[in-house]
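The values are calculated or read from the model by the stated rules, or taken from the named source; none is laboratory data. In this text, all values refer to a predicted model and were calculated from it rather than measured experimentally. Virtual Cβ from ideal backbone geometry, glycine too; neighbours counted across all protein chains shown.
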There are 2 protein chains.
Amino acid sequence: MDIENYIPHLSIDCVIFGFHGEQLKVLLPKVKRLDTWTLPGGYVLKSEDLEEAAQRILEERTGLKDIYLEQFYTFGKAKRSTGEMMKKMLLVNDFEIDESSWIFQRFVSIGYYALVDFSKVVTKTGVYDEFCEWYDIHQLPNLAFDHAEIIQKALETLRYMLDDKLVGLNLLPETFTMKELQILYQTILDKPLRRDNFQRKILSMGILERIEKKFTGAAHKAPYLYKFIK
Amino acid sequence: MDIENYIPHLSIDCVIFGFHGEQLKVLLPKVKRLDTWTLPGGYVLKSEDLEEAAQRILEERTGLKDIYLEQFYTFGKAKRSTGEMMKKMLLVNDFEIDESSWIFQRFVSIGYYALVDFSKVVTKTGVYDEFCEWYDIHQLPNLAFDHAEIIQKALETLRYMLDDKLVGLNLLPETFTMKELQILYQTILDKPLRRDNFQRKILSMGILERIEKKFTGAAHKAPYLYKFIK
């Protein structure tokens with residue numbers, strides 16, 4: 001990586017949400033040889049759009065391609081990233097370092113979040129990463145820099161956007177029951193919802209299509225399946 | 001201005017909304033000696049938080065102090081800002097330029113918007129500015145770079161946040177009539193609203209306090225005044 005090709009002092013961090021086993025999860029690479037995790041992130045080439053950089057970084061770090069990313073906030077406290085953690089990450093992995101480089105100075109980081117279908121993700125790892133795993137948002141590992149705060153802000157944005165962005169469209173498989181959709185909403189909002197209120201509200205939004213049941217001996221006891229009207 | 005003190009390739013642009021004469025307006029400085037306006041913007045010192053930079057820039061460019069700014073989006077297309085306009089702006093104002101400087105290269109710009117009480121604003125001008133004026137969002141002057149797009153995005157954010165952020169709290173004087181509040185909402189949303197629906201919705205939000213009328217001869221014909229519950 002030739003550091004000269006990148007915009008100095010600028011990075012991108014991605015918060016990748018998935019939903020599995022009634023848990024909202026975040027995809028996080030672990031730093032090799034350190035008890036530290038980071039968000040999948042990287043730098044912006046001088047020649048590329050921010051959106052292109054976010055897609056490239058995500059693919060390099062996690063193997064995920066062409067997924068829906070949304071910019072949500074830019075993190076720019078002067079003291080959010082000192083060079084100490086970067087030095088540690090590079091030194092334990094036997095990289096040579098030039099201490100005067102901008103990569104050991106302050107960073108402004110642009111946050112993107114993505115919603116992916118958990119069952120379709122096959123991850124790979126970047127050059128600093130030991131592995132890349134899913135973590136329940138209630139049980140996050142030890143995170144470097146202000147990455148815990150970035151995840152929190154992404155989660156707040158997700159909650160705020162919940163109805164408008166059809167969050168379920170990306171986090172659920174193609175067909176699902178009303179109960180599964182309610183559990184997803186409850187998990188994101190982190191609070192119980194009344195079944196009748198939830199059902200009335202969701203159906204009134206006109207975003208769901210009910211799939212007619214096929215006639216089989218037992219089918220009348222199975223719940224209806226729904227899918228999103230695209 | 002010593003350019004070495006700033007984070008290269010990074011800028012802040014501020015969209016300042018005010019409301020006057022049933023128009024939503026934006027505060028824009030005009031570039032000296034050019035038929036061009038820009039958003040009030042500037043660079044981020046290596047030592048300051050983004051929020052601090054936004055406040056400082058706003059004060060330097062417009063005279064506005066301690067106002068509520070909210071970050072809304074970061075603009076990062078690779079081709080959004082070539083150096084041509086910057087060179088033109090500096091050359092017509094007889095500044096010396098070093099063409100190799102990063103200020104003539106690509107910029108990533110962080111957008112902030114603010115809502116101010118039009119009647120309280122006394123503007124001043126920055127070093128490149130001829131004057132700083134309010135413009136109706138439907139009649140914007142000739143804008144440099146992608147600043148028209150930045151204003152559009154700020155406006156979309158304002159509309160999206162309209163109910164949550166108590167937009168009226170900052171754009172209206174302390175007391176106002178229901179009709180004035182409705183006109184503000186209509187102006188921001190750029191569409192007529194039904195009086196009865198609007199009134200019912202706003203009152204149900206529990207954000208307004210009605211000020212009791214004082215008894216005078218003519219007062220019974222005057223409309224009620226309201227203020228926001230803080």
So if I check each of A:Leu39, A:Leu58, A:Leu28, which one is more than 13 Å from chain B (Cβ to nearest Cβ) and in contact with a helix residue (DSSP H, G or I) (Cβ under 6 Å, 6 or more places away or on another chain)? A:Leu39
Every residue from segment B:156-189 that is among the aliphatic types (A, V, I, L, M), without any contact (Cβ under 8 Å) to a residue 60 or more places away in the chain and over 15 Å from B:Phe228 (Cβ atoms): B:Met161, B:Leu189
With the condition kept exactly as written, say whether any residue in segment B:6-13 is buried (at least 18 other Cβ atoms within 10 Å of the Cβ), more than 10 Å from chain A (Cβ to nearest Cβ), in contact with a helix residue (DSSP H, G or I) (Cβ under 7 Å, 6 or more places away or on another chain) and at pLDDT 90 or above. yes
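Residue under question is A:Lys87, and the condition is that it be more than 25 Å from B:Ile12 (Cα to Cα), assigned to a loop (DSSP other than H, G, I, E, B) and more than 14 Å from chain B (Cβ to nearest Cβ); does it hold? Show your work before the answer.
Values: more than 25 Å from B:Ile12 (Cα to Cα): yes; assigned to a loop (DSSP other than H, G, I, E, B): no; more than 14 Å from chain B (Cβ to nearest Cβ): yes.
So A:Lys87 fails the test.
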Unmet requirement for A:Thr125, which otherwise passes all of (1) away from chain B (no Cβ under 13 Å); (2) more than 30 Å from A:Leu171 (Cα to Cα); (3) modelled with pLDDT under 85; (4) surrounded by 15 or more Cβ atoms within 10 Å (Cβ to Cβ): (2)
Inspect all residues belonging to segment B:67-78 and state whether any of them is away from every other protein chain (no Cβ under 14 Å) and under 24 Å from B:Leu184 (Cα atoms). yes
Got a number for residues in segment A:178-230 being more than 28 Å from A:Asp136 (Cβ to Cβ), among the hydrophobic types (A, V, I, L, M, F, W, C) and at pLDDT 90 or above? 2
Does segment B:128-145 hold any residues that are modelled with pLDDT of 95 or more and under 17 Å from B:Gly42 (Cα atoms), and which are they? B:Leu143
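Identify, please: which residue in segment A:93-119 is more than 20 Å from B:Gln71 (Cβ to Cβ) and touching a Leu at 6+ places or on another chain (Cβ under 6 Å) and is, among those, nearest to the other protein chains (Cβ to nearest Cβ)? Spell out the reasoning first.
From segment A:93-119, those more than 20 Å from B:Gln71 (Cβ to Cβ) are A:93-105, A:114-119; that's our starting set.
Applying the additional criterion that residues be touching a Leu at 6+ places or on another chain (Cβ under 6 Å) yields A:97, A:114-115.
Values: A:Ile97: 20, A:Ala114: 17, A:Leu115: 19 Å.
Restricting to residues being more than 20 Å from B:Gln71 (Cβ to Cβ) and touching a Leu at 6+ places or on another chain (Cβ under 6 Å), the top hit is A:Ala114.
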Could you pull out the residue among B:Asp163, B:Asp196 that is of a type outside the set (S, T, N, Q) and not in a helix (DSSP H, G or I)? B:Asp163
Scan segment A:11-60 residue by residue and report those that are within 20 Å of A:Glu130 (Cα to Cα), in contact with a Cys (Cβ under 7 Å, 6 or more places away or on another chain) and assigned to a helix (DSSP H, G or I). A:Ile57, A:Leu58
Could you count how many residues in segment A:56-70 are crowded, with 18+ Cβ neighbours inside 10 Å and either modelled with pLDDT of 95 or more or in contact with a Phe, Trp or Tyr (Cβ under 7 Å, 6 or more places away or on another chain) (or both)? 1
